[in-house]
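Read through the structure below, which is laid out as structure tokens, and then see the notes.
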Amino acid sequence: MSVLDATPGGDLQALENELLEAIGAAGDLNALEKVRIAALGKKGRISLLMKSLGTMAPEERKAFGQTVNGLKQRVSDALSARKDHLDAAELAGRLATEQVDISLAVRPGPLREGRIHPVSQVMDEINEIFADLGFSVAEGPDIESDYNNFTALNIPLEHPARQEHDTFYFNEKADGSRRVLRTHMSPVQIRTMLQEKPPLRIIAPGRVYRGDSDQTHTPMFHQVEGLVIDTETHMGHLKWVLEEFCKAIFEVDIVKMRFRASHFPFTEPSMEVDIGYTMVGNEMRIGEGDDWLEILGCGMVHPNVLRNVNLDPEIYQGFAFGVGIDRIAMLKYGMPDLRAFFAADLRWLKHYGFLPLDVPTLAGGLSR
Amino acid sequence: MKFTLSWLRDHLATEVSLDEILDKLTVIGLEVEEVVNPAARLQDFTIAKVISAKQHPDADKLRVCEVETGSGVKQVVCGAPNARVGLVGVFAAEGTYIPGTDFTLGKAKIRGVESHGMLCSERELELSDEHEGIIDLPEEAGERIGERYVDVMEFDDPVIEIAITPNRPDCLGVRGIARDLAAAGLGKLTADPVKPAKGKFDCPIPIALKFTKETTDACPAFGGLYVRGVDNTRVNGEDYRLITRRLRAIGLRPINPLVDVTNYISYDRGRPLHVYDADKLKGAIHARLGKKGEKFLALDGDAYEVDGEMCVIADDRGTLGLGGVIGGESTGCTADTRNVLIESAYFDPIRIAMTGRRIGIQSDARYRFERGIDPQSIELGLNFAAQLILRMCGGTASKIEMAGAPPELKTVIKFDTDEVKRLTGVKFKSSEIKGTLKKLGFGIDGKGEKVKVKVPGWRPDVSQPADLVEEVIRLAGVDKVPAVPMTRDSGVARAVLTEGQKRVRRSRRILASRGFVEAITWSFVPRAIATRFGGGQDALELTNPMSTEMSSMRPSLLAGLLMAAQRNHDRGFADCALFEVGQAYRGAEPDEQFIAAAGVRTGSARLEGPGRHWSGTTDDVDLFAVKADALAVLAALGQDPAKVQVTRDAPDWFHPGQSATLRLGPKIVLGHFGVFHPQILKALDISGPAAGFEMDLDAVPRPRRKARARPALDIPDLQPVRRDFAFILEQAVPAIDVVRAAQGADKALIADVTIFDLFEGESLGPGKKSLAIEVTLQPRDHTLTDEQIDRVATAVIAAVTKATGGEIRG
């Protein structure tokens, strides 16, 4: 006998068991609806029981009514629970058919494709370091006057240093003067000293040019020069600034440095600076070890240079230094060949370049 | 500058080790470049003597020699033309490593004859390039058979090479280096062994200076000393062996005693000299300026023509040589020379440098004179040379004959020893400072802190107090200077970059974040290419470029980027997005040089990523890909792209129909973008589609200083209403006209107009297109009624049809 057959009267407990069992057995919403109708529909078995209440004596009706209502409630709850269950199962079934291949590759997107050239990145790093030391950044043109590039810097026409620079020249102008491609960033120092009054604290990064080409020389490369002019800055300050710079750029606590006397026409006294390094396998460890690597030239600004920009060398003094940016990049990031910097080979640029959002900051660390 | 350790020790009495000397040299500014001990690689070579030499049975040019060595007589097959009985040479036994040929000698059979070892040439021992024959030692070395070659020849003498900066001509002589080391506390400068020559007679050759008043400084002084009756073939004496050993060690080939003496003194004192075979001179010897067309045969075997600005040495017959640069062949000293005239002169450094450059001769004399030698060393040079010649070659010396007078030493510096503290930050005792300067040969006049310092003739680089400070701190060691922190100026931190630098930085990052890879290309391009991009002017041509490919300053960054893209294409990477930010040139004046930001996209290198992908294949690059880049740069620099005019007048390296210029008003050109002209691509040999843009960062107006606070936020309460319209237009009508007309229809209500569809098809009729726009109305006070919306719609249609001649699509 099925629960779907209405049998008024009979054993209520048996009826309940029978209905709950049928609810549990309903495999889909259709089957469940049939059970609902058989139980609670117009002619459903519980509905019929409810109707039969009207024919009962009040005493009997009260007790039976309570029993039947309880039964109705439990069956309703079971129906609703079963419906939720069947709904969920149906959704799960549908979702199971909506699978996609999660292993398919996405496009990396421009933020992962784009690159900043190592020279630009290192320039940003250098700017960051010197900004913190209170320097501002100055600039000037690549095509310079012979005067700004040489004469003002205490390199007169016949000075042997002019030959050493392998200068690129432009044709003579009508007035006999000649433009050159700047051989160093020092002309920017001259421009700055002529335009602004001390105290000065500047760096000037940019492109410079010398006729030279091999693994570590290219006819175009990048330099940053620094200049401090006031009334009391001395060599001790120069050493401190360079030590701070080397520590910051190479991100080490201690950098072994060696200051050697040297000669530049535009500084007096002049020095070249080596940093200690050691090779561990193919990796160059900067700052320690017994080998020396020349990284920059510096000195106290030559009195003749100060005079050339109308500063009295008995009142004003200061220092200047120059560093090869490409060279710093090569050392810091392990790039062997300078010529590759300017070959624009995508493979090289992608490998050694930096992501657009990797902006060097002191707060976030210069390099990641 | 090269010298040997023993040579240095002649001038410097010191107990310190080689390493200490090397470290000190480097620190005081005489940077050690290389130290080589030739003995190190020659330990295994010994003295041997050929006792018989027979013709090889099977080879014309070979001889079979019996050689007496330290370990008995050995049979050695030898191909040297000078292998002969009695030759004392250098023997390498089997198993010896031969440095010059980089191989280890094994047991050998040469054309059937066994050879046990080898007699070596100088090249095989890396002593020189000499390979004409085997080493032929003086006879007396034959008494030391079996001993080490390096011991017999006293080769155990490290050769030191240092870099000399142009300001230190004094260190182009060993004695100058010794003086520096002594002043740096490494020992004592030895007493100078040179004594005035005791001239027995007057110099028989007259010496004259023939200059005008204006040119007299070309050669203000010329000294001569005559030695009569020399024997220039005496090559076996102890003195000569020392000199030639040292000259060889530093890479100079001994020639004959008279010439070698001048070379030796040049390196010992930085004092160039010249020797003439006096019997070949005719009449008086004199210095004068050359005459155009005069020629002479120089000691290097080449003929040179002089001009009227070069200082020559001549006799009555004509020009003999270039004073201070190179001597002449016709009066050179040979083995036959019996009477010699020694020249010791002073030449103007600038004229020497000019002459040397013009004529293309690098000589030890030029190198020293152009850096400036000690004008007071004329007599010293003559005396020293006479002393050595008399000792080695015999003869009798004349008195010194001097024409003119060397420039006086006038440099006296008023020096306050506190200046050292001012510039270095370190306080030295006044006595310490003066002591150092004295050791360097400076004369000190006065007591206490304020003194007068007289500069010696060998230090032309020193002329003012800062130079003296350098001497003091250099010799004390810059390591003595403690690092002193610099204080930061007080005040609020300001931007340290200029507006221009900030633009460079922002442009780089915005372009990289649009998938571009940053390249740095040469600032110079081939002239033909510069010309195609509007450059190639004479003013931007290098006189002395590295190559013709690098001769013109670039007028545009696009040329370099396109060439770079093609190189990548050739390597198999056809889809390139490359950008550069850097200087470009309209002219050579500072205001004609500008900072440009340019990018090139080739193949399908669009923003979303190039090439085929399962989610959809990327189209080839086009005008709009680079228009987006150009506007992104402007936006990043704070320029509202909506305010920029896009005009159809891009330069002719772009496709005339698919390119544009970006402007602000008629005067300001911000940049260009577009697809490249097919002819440009052809000229640069570029394959495939390519589009690009270039912005002049300096042309973008500087933002007006704005308040940091933003204007109040205005959020309408009412929802916006959107209506679509489609118009049929002539194809030539720019879309922007439709948008502008629609925007103007009701400025209060219309918040935005965008184009959402463009259709061109035959169904519209020839030369027509359909453009669909979405107009957004933003009500402010009250919800719009249908009538109000219809009124705006009518106004939009009227405005567009009026402005464009189009009609609403039904």
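The values are calculated or read from the model by the stated rules, or taken from the named source; none is laboratory data. Since this is a predicted model, take the numbers as computed values, not measurements. Because the Cβ atoms are built from the backbone with ideal geometry, glycine has one as well, and the counts that use them run over all protein chains shown. Just so you know, the surface numbers come from the protein's heavy atoms only, side chains and all, with ligands and any DNA or RNA stripped out. Shrake-Rupley method; radii C 1.70, N 1.55, O 1.52, S 1.80 Å.
Per-peptide packing, taken as the mean over residues of other Cβ atoms within 10 Å, places A:175-182, B:404-411, B:362-369, A:85-92 in the sequence B:362-369, A:175-182, B:404-411, A:85-92 from highest down. A 1.4 Å probe run over the protein assembly as shown, with the rest of the protein chains in place, finds 46 Å² accessible per residue.
Between B:Arg648 and B:Asp570, the contour length at 0.36 nm per residue exceeds the Cα-Cα span by 24.8 nm. Our estimate of slack between A:Glu21 and A:Asp214, defined as 0.36 nm per intervening residue step minus the Cα-Cα distance, is 60.4 nm. Working from label points 7 Å from Cα in the Cα-to-Cβ sense, the A:Arg74 to A:Val100 distance is 4.9 nm. Residues of segment B:769-794 with an amide N closer than 15 Å to a point placed 7 Å from the Cα of B:Phe759 along the Cα-to-Cβ direction: B:769-774. Listed by chain and number, the lysines placed with their C-alpha closer than 23 angstrom to that of B:Lys213 are B:Lys291, B:Lys292, B:Lys410; residues fewer than eight positions away on the same chain are left out. Structure remark: mean-square fluctuation, Gaussian network model of chain A, C-alpha springs under 10 Å; the largest value among A:Asp230, A:Asp358, A:Asp84 belongs to A:Asp84.
Projecting the Cα atoms of B:Gly95, B:Pro81, A:Gly44 onto the charge dipole of the protein assembly as shown (Cβ charges, centred on the Cα centre) puts A:Gly44 farthest toward the positive pole.
Among B:Trp614, B:Trp7, the order of accessible area from largest down is B:Trp614, B:Trp7, computed with a 1.4 Å probe on protein heavy atoms.
Past 22 Å, Cα to Cα, is the threshold; run B:Lys210/B:Lys282; A:Lys197/A:Lys247; B:Lys421/B:Lys447; A:Lys239/B:Lys24; A:Lys256/A:Lys350 against it and keep the listed order. Pairs exceeding the cut-off: A:Lys197/A:Lys247; A:Lys256/A:Lys350. The share of C-alpha pairs in segment B:412-480 whose separation exceeds 16 Å stands at 37 percent. For segment B:402-434, a drop of 10 Å² or more in accessible area on going from the chain alone to the assembled protein chains (1.4 Å probe) is found at B:Arg422, B:Leu423, B:Thr424, B:Gly425.
In order along segment A:52-67, the phi-based Karplus estimate (6.51 cos²θ - 1.76 cosθ + 1.60, θ = phi - 60°) of 3J(HN,Hα) comes to 5, 4, x, 8, 9, 5, x, 4, 5, 4, 4, 5, 5, x, 4, 4 Hz; Gly and Pro are listed as x.
Solvent exposure of A:Ser367, expressed as accessible area, is near 30 Å², computed with a probe of 1.4 Å over the protein chains only. In segment B:499-699, a dipole from Cβ-located charges (positive for Lys and Arg, negative for Asp and Glu) runs towards its positive end, and of B:Ala691, B:His677, B:Ala605 it is B:Ala605 whose Cα lies farthest in that direction. The 1.4 Å probe gives accessible areas that order A:Lys332, B:Lys292, largest first, as B:Lys292, A:Lys332.
Placing a label point 7 Å from the Cα of B:Lys291 along the Cα-to-Cβ direction, the residues of segment B:207-232 whose backbone N falls under 18 Å of that point are B:208-212. The number of Lys pairs in segment A:3-97 with C-alpha atoms less than 17 Å apart, excluding pairs fewer than 8 positions apart on the same chain, is 12.
Here, segment B:52-114 is characterised by an Rg to Rh ratio of 0.94, where Rg is the alpha-carbon radius of gyration and Rh the Kirkwood radius.
Dipole magnitude for the protein assembly as shown: computed about the Cα centre from +1 point charges on Lys and Arg Cβ and -1 point charges on Asp and Glu Cβ, it is near 1960 debye. For the residue pairs B:Lys2/B:Lys399; B:Lys54/B:Lys109; B:Lys399/B:Lys438, the alpha carbons lie more than 28 Å apart in B:Lys2/B:Lys399; B:Lys399/B:Lys438.
Shown for segment B:721-808: the carbon plus sulfur share of the solvent-accessible area, taken with all protein chains present and a 1.4 angstrom probe, equals 50%. Axis angle, to the nearest 10 degrees, between helix A:29-40 and the longest C-alpha principal axis of chain A: 40 degrees. Note on B:Ala528 and B:Glu34: with the Förster distance fixed at 51 Å, the Cβ-Cβ geometry gives a FRET efficiency of about 0.70. Full extension of the segment from B:Thr801 to B:Leu664, taken as 0.36 nm per residue of separation minus the current Cα-Cα distance, would add 46.6 nm. With a/c under 1.5 counting as rounded, go ahead and sort segment B:289-363 into rounded, prolate or oblate using the C-alpha gyration tensor (a ≥ b ≥ c being the square roots of the eigenvalues; past the cut-off, prolate if a/b is larger than b/c, else oblate). Prolate, because a/c is 1.5 or more and a/b exceeds b/c.
Among A:Ala174, A:Ala38, A:Ala320, the largest mean-square fluctuation in a Gaussian network model of chain A, built with springs joining Cα atoms closer than 10 Å, belongs to A:Ala38.
For B:Lys49, a cut-off of 16 angstrom between C-alpha atoms picks up these lysines, skipping any fewer than 8 places away in its own chain: B:Lys74. Taking Cα atoms only, the orientation of helix A:118-132 departs from the longest principal axis of chain A by about 80 degrees. A Gaussian network model of chain A, with springs between Cα atoms under 10 Å, assigns the largest mean-square fluctuation among A:Gln121, A:Gln73, A:Gln99 to A:Gln73.
With helices as the sole contributors, the protein assembly as shown gives -9000 deg cm²/dmol at 222 nm; each DSSP H run of n ≥ 4 counts as -39500 (n - 2.57), and the sum is divided by every residue. Summary of the geometry: segment B:520-568 and segment B:757-800, compared by the centres of their Cα atoms, lie 50 Å apart. What residues of segment A:165-190 lie in the reach of a label at B:Glu499, counting those whose backbone N is under 14 Å from a point 7 Å from the Cα along Cα→Cβ? Answer for this model: none.
Pairwise Cα separations in the protein assembly as shown fall into 20 Å bins from 0 onward with the following percentages, short to long: 9, 26, 27, 18, 10, 6, 3, 1, 0.
Measure out, as a whole number of angstrom, how far apart the alpha-carbon centroids of segment B:587-658 and segment A:310-353 sit. So the separation of the two Cα centres works out to 30 Å. Take the solvent-accessible surface of the protein heavy atoms, probe 1.4 Å, and return the percent of it on segment B:40-152 that carbon and sulfur atoms account for. Carbon and sulfur: 44 percent of the exposed surface of segment B:40-152. Helix A:186-195 and the long axis of chain A differ in direction by around 90°, with both axes built from C-alpha atoms. Annotation: amide H-H contacts under 5 Å for B:Asp622 (H modelled 1.01 Å from N, sequence separation of 5 or more, or interchain): none. Note on segment B:412-480: with neighbouring protein chains present and a 1.4 Å probe, carbon and sulfur make up 52 percent of its accessible heavy-atom surface. Surface listing: A:His351, A:His222 arranged by accessible area from highest to lowest gives A:His351, A:His222, probe 1.4 Å. For the pair B:Asn82 and B:Glu549, label points projected 7 Å from Cα toward Cβ lie 4.7 nm apart. Only protein heavy atoms count here, probed at 1.4 Å, and on that basis chains A and B bury about 7900 Å² of accessible area in total.
Whole angstrom only: what separates the Cα centroid of segment B:717-745 from the Cα centroid of segment B:44-80? So the two Cα centres are separated by 105 Å. With a Förster radius of 22 Å applied to the C-beta separation of B:Ala732 and B:Glu774, the computed FRET efficiency comes to 0.40. Which GluC sites (Glu not before Pro) from segment B:666-768 combine a DSSP loop assignment with at most 16 other Cβ atoms within 10 Å? For GluC sites (Glu not before Pro) across segment B:666-768 that sit outside H, G, I, E and B with at most 16 neighbouring Cβ atoms in 10 Å, the list reads B:Glu760.
Rolling a 1.4 Å probe over the protein chains gives B:Met402 an accessible area of about 70 Å².
Comparing B:Leu777, B:Gln743, B:Ile728 along the charge dipole axis of segment B:726-810, the residue lying farthest to the positive side is B:Gln743, per the Cβ-charge model. Computed from backbone phi with θ = phi - 60° and the Karplus coefficients 6.51, -1.76 and 1.60, the 3J(HN,Hα) list for segment B:408-418 is 6, 7, 10, 6, 10, 10, 6, 10, 9, 5, 5 Hz; x is used for glycine and proline. If R0 equals 56 Å, the separation of the Cβ atoms of B:Asp60 and B:Asp151 corresponds to a calculated FRET efficiency of about 0.95.
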